[in-house]
Each structure stands twice: as structure tokens, then as C-alpha cells.
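A short worksheet on the structure shown next.
Here, each number is a calculation from the coordinates, and none is a lab measurement. Owing to the predicted nature of the structure, the values given are computational and were not obtained by experimental measurement. As a convention, Cβ positions derive from the backbone with ideal geometry for all residues, glycine included, and neighbour counts pool all protein chains shown.
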Amino acid sequence: MHNARTMATAPFSPTLREDEVEITAVRAQGAGGQNVNKVSSAIHLRFDISASSLPEDIKARLLCLSDRRITALGVVVLKAQTHRSQDMNRSEALARLQELIDSVASVPPERRATKPTRASQRRRVEGKRQRSEVKTLRGRVSD
């Protein structure tokens with residue numbers, strides 16, 4: 001059974017609403033013979049972060065991501081074309097969007113600054129001293 005501590009730390013995964021996602025079918029690139037010229041099997045997905053019903057903190061973390069799939073206007077643009085079927089590409093695009101949202105759903109832990117130990121400082125300085133000695137020995141020999 002789950003105790004209260006594990007339930008509290010479990011990340012909240014918001015679900016997407018279908019009306020917030022704009023999906024259009026486009027022609028896929030690449031090999032496929034004549035079929036690729038007549039069937040629009042690739043999926044072009046657009047998701048406006050600001051206009052969505054996601055919680056404000058998740059929206060803010062999504063907009064702060066430096067991801068090339070997020071435009072300057074805050075729109076997530078995904079293209080799925082790995083499968084030959086439109087339905088499979090649609091489900092893959094939605095899964096990738098959900099994965100992107102899940103990646104920012106949990107609050108990152110706050111970083112606490114730490115100091116290096118005195119022994120590690122000594123080892124670092126000793127290593128630098130040894131390298132310096134090796135390099136001075138490489139210098140010009142004077143008689």
C-alpha cells in the first residue's frame with residue numbers, strides 16, 4: 001500500500017483536452033512510393049500554451065524551456081510522420097506532447113550550494129602543482 005509520503009511526492013500529470021490541440025494532416029516526407037504523393041498521413045500538431053487550461057506554474061515552466069519545438073509566441077509545434085497510418089501518427093504526436101508536459105509537471109528540487117571539502121581542495125591544488133612541475137621540466141635546458 002502507499003503511505004502518505006509517497007502519495008504527496010508523486011508528480012501531478014495534467015491531462016490534455018482535445019479542443020486545445022490543433023491537429024492537421026499533411027503529406028509525409030521521405031520514401032513511400034506513390035502512396036506518399038496521394039495520402040496525407042503525417043500529423044502537424046499545434047498547442048498554444050498560454051491559451052490552454054494547464055495550471056499556471058506548468059505553463060510558466062513550459063514557456064521557460066529552451067526547446068526548439070516551442071515558438072517565440074508560446075506555441076508547441078510537433079510533426080509526427082514515422083508511421084504510415086494517420087491514426088498512429090496522431091497518437092504519437094499526442095503522446096510526445098503529453099511527455100513534454102509531464103517533463104515539467106513536477107517542481108524541480110531547489111539547489112543548495114555546497115562547499116568543496118578541505119581534502120578535495122588540497123588534492124586539486126596538489127594536482128595543479130604536479131602538472132606545473134611537469135610543464136616546467138619541458139622547458140629549455142640551460143647549462
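Scanning segment 71-81 for residues that are in contact with a helix residue (DSSP H, G or I) (Cβ under 7 Å, 6 or more places away or on another chain), of a type in the set (A, V, I, L, M) and under 20 Å from residue 14 (Cβ atoms) turns up 76, 78.
Sub-8 Å Cβ pairs linking a first residue in segment 118-143 that is without any contact (Cβ under 8 Å) to a residue 24 or more places away in the chain to a second residue that is surrounded by 10 or more Cβ atoms within 10 Å (Cβ to Cβ) and not in a loop (DSSP other than H, G, I, E, B), at least 6 apart or interchain, number zero.
Residues of segment 58-75 being within 12 Å of the chain's Cα centre (by Cα) and within 18 Å of residue 23 (Cβ to Cβ), which ones? Across segment 58-75, the qualifying residues are 69, 70.
Candidates in segment 94-117 are the residues that are among the acidic types (Asp, Glu) and either touching a residue at least 60 places away in the same chain (Cβ under 8 Å) or in a helix (DSSP H, G or I) (or both); of these, the one that is nearest to residue 62 (Cα to Cα) is 102. Can you find a residue in segment 34-57 that is under 20 Å from residue 17 (Cβ atoms), touching a residue at least 12 places away in the same chain (Cβ under 8 Å), part of a helix (DSSP H, G or I) and not charged (D, E, K, R)? No, that holds for no residue.
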